[in-house]
Amino acid sequence: MTFLYAIVLLGILIFVHELGHFIFAKALGVKVLKFSLGFGPRLVGKTLGETEYCISAFPLGGYVKMLGEEQGEELEEADKRRAYSEQPVWKRFSIVFFGPIFNLLFAAVVFVGIFFAGVPVSNPDIGPVTKGSPAAVAGFKTGDRVLAIDGDKVLSWDDVERTLDESRGRELLFSVKRDGNTINVRVAPEKKVVTDILGDRKEEWEIGAAPLIYPVVGEVMNGTPAEKAGLKKGDRITSIGQTAVDTWQDMTSLIHASPGVPLQFHMKRDGHVMDVTIVPEKKTVKSPTGEEKDIGLIGIAPEGNDFIRRYGPARAISLGFQRTWDVSVLTVLSIVKLIQRIIPAETIGGPIMIFEMAGRQASIGALNFFTFMAIISINLGILNLLPIPILDGGHLMFLTIEAIRKRPLSEKVVMVAQRVGLALLISLMVFALYNDIVRLITGKMFP
């Protein structure tokens, strides 16, 4: 099934990409000879009008073949007006450009659909409160549910975080429900400078309270200490050793601080009290600043404190395009950080990783699979816009130079550049495949 999910995902994304080239070629009067999903020998196909539509043997790719696209192609005089090579630069640029753009637009459509259908969001419940923080000074307690801030209704923890960021330190009036009563709490967020996953420092406004996540097991990873000890989905951890556990953060702080140390877990399962001993596996992790430290992990994920929040059409469209923009920016920054060697090259994944993750996300649910599809679509669009010969971005670079010079580059220069681009692309694919194989051998498929 993993293979099937991956083929479906890649097939859709390639079709969308080539559809962008195809639609704009047709719209601008260029004759399209073939629209193929996949490379190699034709499996099935049909000619409609002047275009052959087919599915080829190797699904990891696809192409649109236009009249006059290949260098040195002989053209009859009557066909020249519809040949790609005879079109003005702006037409050729548009045809090439809208392949990657269709991938970005497709991702936006998927995200819009996801927000419209509903996404899991955390309830606005106060979890652990940091000692000495504004939340602690104001009197917030674990379990408080935020009802409103400055009179504006709060539905999820996302609403809380957005309001804090917009406050810029201004005092806020929280209405919270505690033990069946509604009380008002005033608190002024404080500015924190944090390092994000890309190593960049940025400002955040917070009060020193995290969302409440109960210590209930939502997922047990294969081959981990938790699985070997017999933990199951739905298990509620009540204490570790002599320390009571009220939140997921309480539990993880104890586990992280005990790599290689046997821990006695007390938990409830289907109304029964159980005890198990688990030895957290030691793992060396690197912070965004590059600092390494050893922590303990047992291989579980939380059930969460979530509900499905659905958005109206206008809000779903706004959020969908915003999410596409955010992921696109993150993708570009990640490429820059890879070049700067801030992000390790070991994180680069290839086809095996995509196949594995496609199957994994599909097994979790449709929401995860479509989210993964949108992210891969954005990556495909961004990567194809890179100015590397043989990619769409390389063709756009040549066309830009042609527009500036008022004449195209020589065939020899283009051919040499494309060979260099092909060598770079093959080297990257080999390296990504090597990373995939290493992850398979070590059992660490996901970095």
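Values quoted throughout were computed directly from the atomic coordinates according to the rules given, and no laboratory measurement underlies them. All figures in this text were calculated on a predicted structure; none of them were measured in a lab. All Cβ positions, even for glycine, are placed from backbone atoms using ideal geometry, and neighbour counts span all protein chains on display.
Brief remarks follow.
- Stretchable slack from residue 236 to residue 429, in nm (0.36 nm times residue separation minus alpha-carbon distance): 65.1 nm
- Residues whose amide H lies under 5 Å from that of residue 235, counting only those 5 or more places away or on a different chain, are 217; hydrogens are built 1.01 Å from N in the peptide plane.
- Environment charge at residue 107 (Cβ cut-off 14 Å; Lys +1, Arg +1, Asp -1, Glu -1): 0
- Two tests apply to each whole DSSP H helix in the chain, Cα reach of 24 Å or more along its axis and mean Kyte-Doolittle hydropathy of at least -0.5, and the ones passing both are 2-27, 89-117, 313-339, 366-384, 411-442.
- Stretching residue 203 away from residue 279 to a fully extended chain increases their span by 23.6 nm, per 0.36 nm per residue minus the current alpha-carbon distance.
- For the chain, adding -39500 (n - 2.57) for each run of n ≥ 4 DSSP H residues and dividing by the number of residues yields -14500 deg cm²/dmol at 222 nm.
- If the Kirkwood radius is taken over C-alpha pairs of the chain, then at 37 °C and 0.692 mPa s the Stokes-Einstein diffusion coefficient equals 127 µm²/s.
- Listed by chain and number, the aspartates and glutamates whose alpha-carbon sits under 16 Å from that of residue 283, ignoring those within fewer than 8 places in the same chain, are 291, 292, 294.
- Alpha carbon Rg of the range 391-432, scaled by the compact-globule rule 2.2 N^0.38 Å: 1.33
- Compactness of the range 121-211 as Cα Rg over 2.2 N^0.38 Å, two decimals: 1.05
- Model label points for residue 301 and residue 90, set 7 angstrom from Cα along the Cα-to-Cβ axis, are 4.8 nm apart.
- Counting other Cβ atoms within 10 Å as a rough exposure proxy, the listed residues 395, 256 run 256, 395 from fewest neighbours to most.
- Set of lysines near residue 282 by C-alpha distance (under 16 Å), chain-local residues within fewer than 8 positions excluded: 228, 293, 444
- Net charge of neighbours whose Cβ lies under 13 Å from the Cβ of residue 119, counting Lys and Arg as +1 and Asp and Glu as -1: +2
- Taken over the Cα atoms of the range 217-307, the convex hull encloses 114 Å³ per residue.
- The order of 85, 410, going from fewest to most other C-beta atoms within 10 Å of their C-beta, is 410, 85.
- Neighbour counts of C-beta atoms inside 10 Å place 167, 122 in the sequence 167, 122, starting with the fewest.
- Relative contact order of the chain, defined on C-alpha pairs under 8 angstrom at six or more residues apart (%): 16
- Structure remark: mean-square fluctuation, Gaussian network model of the chain, C-alpha springs under 10 Å; the largest value among 239, 156, 36 belongs to 239.
- Separation of the residue 256 and residue 309 label points, Cα + 7 Å toward Cβ, nm: 2.4
- Those lysines that a straight Cα-Cα span of less than 21 Å connects to residue 233, excepting residues fewer than 8 apart in one chain: 268
- Model label points for residue 243 and residue 293, set 7 angstrom from Cα along the Cα-to-Cβ axis, are 1.3 nm apart.
- Under 5 Å, built H, 5+ apart or other chain: amide partners of residue 34: 52, 65
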